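Worksheet: one structure, shown below.
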């Protein structure tokens, strides 16, 4: 039954209309290769004029949006871009046409909805890159400066693709991770996550693993892929961490709240890409820190509540001047009881009426 | 009524299914970057743009100041302006950045903080404005949108297998929660941080053995029903039980117990619900809860603005500065984004009750940690704090910035059960300059 209703409404002009769309390959779900040329001047603009200009034209600009000029369409309105060339689903100029009739967001807000053939024209036009001139179809240009009536500094245009990360760049040199090891590690309570688009760079969190003795040999099979490794709060021992140097691409290592001591620092020293090392609440002492003095890659080291002394920290800082070493933080002093100026006076109702601006 | 555009769009449905499988089935080898952002860029473009460090944040602490914090009396003071009233500005640890005298301890932590002074919104009533701040969408009768914690747990899942991914401490019942996403992504609400997680121990007189027996019995009774009605909702109910039981016996349950913290640490956070909530947030983040929200209300200062803001600020100053210091000392701030949000600012004009009224046209929010460069200000208001004159940030932009730091796919369209398309921060654009 729902299907009947669907056909009825979607076709607008009945079954014949639907068949027509099918023949033209215009049904939604068709891909970009099926795109037929839709003209802005001949097909889109008249529709905009009929249905949109009364609120988004030269007289009114609801939502700070004008649809009567290409510049206005490209500039978008108060809530951002309305047109993302090539992406009908991201272009509200299309997506709000096809909402259910009772939806608060549906456009046009007044008058009849566009027929599905009409809204389909919008979809096709956007898919084709939303060209404003028939002669040179192309991607809609970024809005001209000052075209938008938006608060200053509001970024305009669609979300630009984000640049690759440093890890993405590095990950192209990494082997494909051993899928069976990933699976087995996950089963053993390890949390494996990918850090790069190509899924070769991994973060491995063993802090919730059931048995490290079982997980570690599996982790070893992924050693070159693991960039971030997390043992926080586990019962990991110095003896177990003899395999650390095998993680030669390691960038971040969490050992906080473990019983790890100086012996492991001799292994950490060999992880020459390590940038972040967390030794908060460990047994590492000045002797351990000394081992790290050659680890030039280290950018952040955390030693609060470890056995290291200020003198030992100062010495390492001398060897690694670029490294940010965090000892005890400046915790704020507790609030002094009762001596909070202004807090108690006049806070009660009743005093307010006398407090009118002078 | 659904339009055939949504109904027949195979490509997006397939994407949705793949994505759901990842999120719902807890497939743990999944992209921290998310599929949406991982568009294959062509190599030439890739070479032209410098690589960036991302994702920068793993977890998030979201501090919500309900009622609308006066920007003039906190993070955007205008010394000398007629609109300023009696509040003085003080210098901070960061060169050239002044904040209100009510926040001296946060002044010391300014090296961690980025102040977003260009905030502006079009919502001037509490409930819709709060909803907008949490979801990036205007409130509608026909749909409920997910809040950030739900998005994070939907896209990224949990790391700690027994603790929930999303927790909210304090706050009202108006929270949009998981919106149209499954209710499992909604925050676990905690009332009082002191009492931790309630009802997580066995009732007196019930032994472990007896409890197991009862569970087994319940399972047996449910078996036929679950077999006959093997549906999502039924399975969700069963999973909820299983997870609760798992949590009850978890060693991580102690993460909820702030009484295990040394007295001096508890004192540093301030002996108030908000401060202790911040401390609980730190404990939970330390145990890989992904998103913790801490609420501090009482900012609706229509009368007696200056004394009342001062009082609120004392709590905020103590709790937040302790949180930032503590997180940074433990090496957690680098991976934890701390966001401070409020629904709107307050009017520069001081009203006849010595108060300030709702003012969405200009206000301030904060970001810290998780890759955010501290000691900076984004955007500015005019000399009276009335209008944003540079660096305008709309609410969706602010939320997109949090999502960006967490490595979530900002442009991935997620379809509601009714077939309507939504994204994590509507059309917000991240403030990449803050990282």
query = Residues in region A:41-60: is at least one surrounded by 15 or more Cβ atoms within 10 Å (Cβ to Cβ), in a loop (DSSP other than H, G, I, E, B) and touching a strand residue (DSSP E or B) at 6+ places or on another chain (Cβ under 7 Å)?
reply = no
query = Looking at region B:408-421, is at least one residue within 9 Å of chain A (Cβ to nearest Cβ), buried (at least 23 other Cβ atoms within 10 Å of the Cβ), modelled with pLDDT under 95 and under 27 Å from residue A:83 (Cα atoms)?
reply = yes
request  = Being more than 11 Å from chain A (Cβ to nearest Cβ), in contact (Cβ under 8 Å) with a residue 24 or more places away in the chain, closer than 26 Å to residue B:111 by Cβ and in a helix (DSSP H, G or I) narrows it down to one of B:279, B:315, B:323, B:327, so name that one.
outcome  = B:279
request  = May I ask you to say which residue of B:173, B:178, B:153 is out of contact with any helix residue (DSSP H, G or I) (no Cβ under 6 Å at 6 or more places or on another chain), in the same structural domain as residue B:60 (by TED's automatic domain parsing) and within 24 Å of residue B:233 (Cα to Cα)?
outcome  = B:173
remark   = Taking region B:76-125 and keeping residues within 13 Å of chain A (Cβ to nearest Cβ) and under 17 Å from residue B:311 (Cα atoms) leaves B:85, B:86, B:87, B:88, B:100, B:101, B:102, B:103, B:104, B:105, B:106, B:107
message = Being surrounded by fewer than 24 Cβ atoms within 10 Å (Cβ to Cβ), assigned to a helix (DSSP H, G or I) and touching a residue at least 60 places away in the same chain (Cβ under 8 Å): is that true of residue B:300 here?
response = no
key: Answer residue from region B:379-395, given it is buried (at least 23 other Cβ atoms within 10 Å of the Cβ) and touching a helix residue (DSSP H, G or I) at 6+ places or on another chain (Cβ under 9 Å) and is farthest from residue B:149 (Cα to Cα) among those   = B:385
key: Selection within region A:208-232 - touching a strand residue (DSSP E or B) at 6+ places or on another chain (Cβ under 9 Å), within 27 Å of residue A:296 (Cα to Cα) and not in a helix (DSSP H, G or I)   = A:222, A:225, A:226, A:227, A:228, A:229, A:230, A:231, A:232
ask   = Just to be sure, is residue B:295 without any contact (Cβ under 8 Å) to a residue 60 or more places away in the chain and farther than 19 Å from residue B:370 by Cβ?
value = no
message = Can you confirm whether residue B:290 is without any contact (Cβ under 8 Å) to a residue 60 or more places away in the chain and either within 9 Å of another protein chain (Cβ to nearest Cβ) or over 28 Å from residue B:101 (Cα atoms) (or both)?
response = no
inquiry  = Quick check on residue A:108: is it away from every other protein chain (no Cβ under 12 Å), farther than 23 Å from residue B:121 by Cβ and crowded, with 16+ Cβ neighbours inside 10 Å?
reply    = yes
task = Name, by its number, the condition in (1) away from chain B (no Cβ under 11 Å); (2) modelled with pLDDT of 80 or more that does not hold for residue A:143.
result = (2)
ask   = So which residues in region A:285-311 are within 27 Å of residue A:248 (Cβ to Cβ), surrounded by fewer than 19 Cβ atoms within 10 Å (Cβ to Cβ) and within 14 Å of another protein chain (Cβ to nearest Cβ)?
value = A:299, A:300
task = Out of B:354, B:433, report the one residue that is within 13 Å of chain A (Cβ to nearest Cβ) and farther than 28 Å from residue B:150 by Cα.
result = B:354
task = Among the numbered conditions (1) free of Cβ contacts under 8 Å to residues at least 60 places away in the same chain; (2) in the same structural domain as residue B:325 (by TED's automatic domain parsing); (3) touching a helix residue (DSSP H, G or I) at 6+ places or on another chain (Cβ under 8 Å); (4) surrounded by fewer than 17 Cβ atoms within 10 Å (Cβ to Cβ), tell me where residue B:222 comes up short.
result = (2)
ask   = Quick one: in region A:207-233, which of the residues that are touching a helix residue (DSSP H, G or I) at 6+ places or on another chain (Cβ under 8 Å) and farther than 25 Å from residue B:56 by Cβ is surrounded by the most Cβ atoms within 10 Å (Cβ to Cβ)?
value = A:209
note = Given (1) more than 26 Å from residue B:300 (Cα to Cα); (2) at pLDDT below 95, residue B:172 misses just (1)
query = For residues in region A:173-199 being more than 10 Å from residue A:215 (Cβ to Cβ), assigned to a loop (DSSP other than H, G, I, E, B) and modelled with pLDDT of 90 or more, which is nearest to the other protein chains (Cβ to nearest Cβ)?
reply = A:177
ask   = Which one of the conditions (1) within 16 Å of residue B:402 (Cα to Cα); (2) part of a helix (DSSP H, G or I); (3) more than 14 Å from chain A (Cβ to nearest Cβ) does residue B:130 fail to meet, given that it meets all the rest?
value = (1)
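Per-residue answers, yes or no, for (1) at pLDDT 50 or above; (2) farther than 30 Å from residue B:276 by Cβ:
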position: A:314; (1), (2): yes, yes
position: A:320; (1), (2): yes, yes
position: A:329; (1), (2): yes, no
position: A:332; (1), (2): yes, no
position: A:338; (1), (2): no, no
position: A:352; (1), (2): no, no
position: A:356; (1), (2): no, yes
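The values are calculated or read from the model by the stated rules, or taken from the named source; none is laboratory data. Just so you know, these numbers come straight off a predicted model, no measurement behind them. Counting neighbours? That spans all protein chains shown, and the Cβs are built from the backbone with ideal geometry, glycine included.
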